[in-house]
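Each remark here refers to the structure printed beneath this line.
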């Protein structure tokens with residue numbers, strides 16, 4: 001079944017932490033990430049910044065990195081993300097969780113290849129992890145059901 005392309009169909013990914021959130025914005029039809037942000041002002045302020053982006057870009061879906069242990073079991077951050085996802089439902093757009101078990105590790109290893117210094121590394125890890133989470137969502141086609149089919 002073919003898809004009708006509606007201008008741009010923006011989606012946002014979040015790599016949430018208790019202090020910092022990495023955020024990436026991409027376009028669903030092209031499956032390209034084009035913008036990354038780092039929010040580092042605590043939950044309430046981070047949520048306000050996220051809300052501004054959702055309205056500015058007319059976001060159609062939210063992807064949230066979901067942390068678990070390697071065996072798939074939940075840990076303390078899983079519960080934090082569950083609460084964040086419940087809070088995100090107020091925007092009345094789809095919220096999807098994506099396994100992000102190794103996203104920070106993969107990003108850290110890539111940054112080592114480029115000899116990025118520790119001070120800069122801290123700022124980049126969360127943004128690049130959000131980018132990786134969104135790219136995984138695109139690759140796994142978990143958002144494709146949101147594209148309107150031709151009638």
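The values are calculated or read from the model by the stated rules, or taken from the named source; none is laboratory data. This one's a predicted model, so the numbers in the text were calculated from it and none came from an experiment. Quick reminder, even Gly has a Cβ in these numbers, built from the backbone with ideal geometry, and neighbours come from all protein chains shown.
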Among the residues in the range 13-33, are any within 25 Å of residue 68 (Cβ to Cβ) and in a helix (DSSP H, G or I)? no
Need a quick list: helices (runs of 4 or more DSSP H) entirely within the range 44-151 having at least 2 residues that are loosely packed, with under 11 Cβ neighbours inside 10 Å and either touching a residue at least 40 places away in the same chain (Cβ under 8 Å) or within 14 Å of the chain's Cα centre (by Cα) (or both). none
Please find, among 19, 48, 31, the residue that is within 23 Å of residue 77 (Cα to Cα) and either in contact with a strand residue (DSSP E or B) (Cβ under 9 Å, 6 or more places away or on another chain) or modelled with pLDDT of 90 or more (or both). 48
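Within the group 120, 97, 58, which residue is at pLDDT 85 or above and in contact with a helix residue (DSSP H, G or I) (Cβ under 9 Å, 6 or more places away or on another chain)?
97
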